[in-house]
Amino acid sequence: MQPERFADWIYHPELLAQAVPRYTSYPTAAEFNEQDLAQDQHDALKAVRGDVSLYLHIPFCHEICWYCGCNTSAANRTARVASYLDALHCEIVAVSRLLPPSVRVSRIAFGGGSPNAIQPHELVRLVDALLVNFRVPWPVFSIELDPRSLTPAWLTAIRGIGIIKASLGVQTFDPRVQAAIGRVQPRDDIARAVDGLRTSGVDSINFDLMYGLPFQDDAVLAQTLDEAAALGADRIALFGYAHVPHMIARQRRIDASELPDQRARFRMAAHGHARLVDAGYQPVGFDHFGKPGDGLAQAALAGTLRRNFQGFTDDQAPVLLGLGSTAISQFDGAFVQNEKNTGRYRMLASAGVLTGRRGTVRSNEDHRRGGVIEALLCRGEAQIDADLRTAALARLAPFAARGLIAWDNDRLILQRGSEPYARSIAAVFDAYRSGERRFSSAV
Ligand code: SF4
């Protein structure tokens, strides 16, 4: 039987049977060990050279969406929020003091959670602390926002700080799907947020959208994509919803019987990809899209796209420092994740102690394989050393047989229509995968 074709992609379910990581790092967070990494974090901070980017984690939301896998909790306990922010201020001081004075911060990102679940003046105070404690000559500020709570006071703060990039949690415009995932937000809220951000000086707005949601089909997804394009999203991230209620308890509220099956998910992803391309968006990696001229789309075209814990990025800084509970720092020689439990994080950071409690040291082999994986996912091709190629040939054979990859001497090149299989192809070079289902489906 001929395999089915959906838009530009051909459905090979046998190639998607194995769950694979999203590869926002290599080794992935699944390989992190529980250990006190404060000394490694200390040494790595002292050894930083050149530019760094900062990520600040705000683990609070006004309402908790049922599908969400983020480390976040309700923002209604103001004393808890205040003490978390106090701890974050302490961590800013502790981390900045260890950096050599020549180190400059090029980008500052606020994520969560929903950073706009705190008060706008609290974000302004955090920015002040960053500017006082770090060397920040020309920072590029970005922020993740919940459109439902983007108040005029928040827009004033965004303009005052000079935030120029924002990412809105949208997921779907369809009211029935919204109700089924516990995130009801009228289209007008989103349109108002976009207008407000534009007039506040934000020049790059991303919409996070999802396929594979309950009651969603091709037509429902198409309507959401058309709305996103009509509202002028500069970037769109189209993620597949991963239903893993055994790992994320809040997802138990989602009726699994209404979820599309894998074939329907693949079809939605394929048609969604084609629809966004038809609407003029440039594909970026395997699940992002950018208007031509947007920094991410330009990076994809120029071959400078990168992948870090924030996903696909045009950020070229070699070091990413994560501040706040759960935040991960990416050093050349190690990944260090801060204490996940916000109560313990508050105690440690408030005592002026570094809070790295999980992570892994990166070996030369990790660097080599991680470079291959990042190149495949970001540039669609990678130089493969002879020994890696020999070891990988058998596992790559099914992809080669279906025309999804080709070789040009020692260069492995992903072919047109390989996007849904990119993570699975990259996983061939992952020395840690043992085959068990710990990750989401590639589609
Ligand atoms: S607003 Fe965002 S971070 Fe908060 S619960 Fe919903 S999806 Fe998760």
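FYI, it's all coordinate maths here, none of it is from the lab. Remember, it's a predicted structure, so these values are computed and weren't measured experimentally. Because the Cβ atoms are built from the backbone with ideal geometry, glycine has one as well, and the counts that use them run over all protein chains shown.
What FRET efficiency, computed as 1/(1 + (r/R0)^6) with R0 = 45 Å and r the Cβ-Cβ distance, is obtained for residue 385 and residue 39, rounded to the nearest 0.05?
In this case the efficiency is close to 0.85.
If a paramagnetic tag sat 7 Å from the Cα of residue 93 along the Cα-Cβ line, which residues of the range 344-367 would have the backbone N under 20 Å from that point? Only 344-356 fall inside the zone, counting backbone N under 20 Å. Once the cut-off is 26 Å, how many percent of the Cα-Cα pairs in the range 292-436 end up in the long-distance tail? Of the Cα pairs, 38 percent sit more than 26 Å apart.
Which value, in debye to the nearest 20, gives the size of the charge dipole of the chain about its Cα centre, when Lys and Arg are +1 and Asp and Glu are -1 at the Cβ? Mind dumping the intermediate values first?
Details: 48 positive and 48 negative charges, 121 e Å.
In debye, rounded to 20, the chain gives about 580.
Of the listed peptides 296-304, 284-292, what is their order by residue-averaged count of other C-beta atoms within 10 Å, with the highest listed first?
284-292, 296-304
Could you work out [θ]222 nm for the chain from helices alone, using -39500 (n - 2.57) per DSSP H run of at least four and dividing by all its residues? Round to the nearest 500 deg cm²/dmol.
Working: 13 runs with 159 residues, N = 443.
That comes out to -11000 deg cm²/dmol.
Roughly how big is the range 305-443's charge dipole about its Cα centre, with Cβ charges of +1 (Lys, Arg) and -1 (Asp, Glu), in debye to the nearest 20? Don't jump to the answer; show the numbers that get you there.
Working: 20 positive and 15 negative charges, 118 e Å.
With only Lys, Arg, Asp and Glu charged at Cβ, the dipole is about 560 debye.
Span-like helix criteria (full DSSP H runs; alpha carbon extent of at least 30 Å along the helix axis; mean Kyte-Doolittle hydropathy of at least 0.5) are satisfied in the chain by 78-98. For the range 1-147, DSSP calls about 10 percent of its internal beta bridges antiparallel.
As a length-normalised measure over Cα pairs under 8 Å and 6 or more apart, the relative contact order of the range 25-119 settles at 46 percent.
For the chain, report the translational diffusion coefficient in µm²/s to the nearest whole number, using Stokes-Einstein at 25 °C, 0.890 mPa s, and a Kirkwood Rh over Cα pairs. Provide the component values of the computation, followed by the final result.
Details: Rh = 22.5 Å.
My calculation gives 109 µm²/s for D.
Taking every DSSP bridge with both residues inside the chain, close to 45 percent are antiparallel.
Cβ crowding within 10 Å ranks 9, 138, 66 as 138, 66, 9, fewest other Cβ atoms first.
Annotation for the range 1-78: trypsin sites (Lys or Arg not before Pro) lying in DSSP loop with at most 14 further Cβ atoms inside 10 Å of their Cβ are 49, 77.
Across the range 28-361, C-alpha contacts under 8 Å between residues 6 or more apart give a mean separation that, scaled by the residue count, equals a relative contact order of 23 percent.
To two decimal places, what compactness ratio does the range 364-416 give when its Cα radius of gyration is scaled by 2.2 N^0.38 Å? Don't jump to the answer; show the numbers that get you there.
Values: Rg = 10.7 Å, N = 53, 2.2 N^0.38 = 9.9 Å.
In units of the 2.2 N^0.38 Å rule of thumb, it is 1.07.
For residue 44, the shell of other residues with beta-carbons less than 12 Å away shows a net charge of 0, using +1 for Lys and Arg and -1 for Asp and Glu. Once Lys and Arg get +1 and Asp and Glu get -1 on their Cβ, which of 337, 361, 347 lies farthest toward the positive end of the dipole of the range 332-410? Projecting each Cα onto the dipole axis, the largest value belongs to 347.
Given their separation in residues at 0.36 nm each and the Cα-Cα distance between them, residue 132 and residue 340 gain 72.2 nm when the chain is fully extended.
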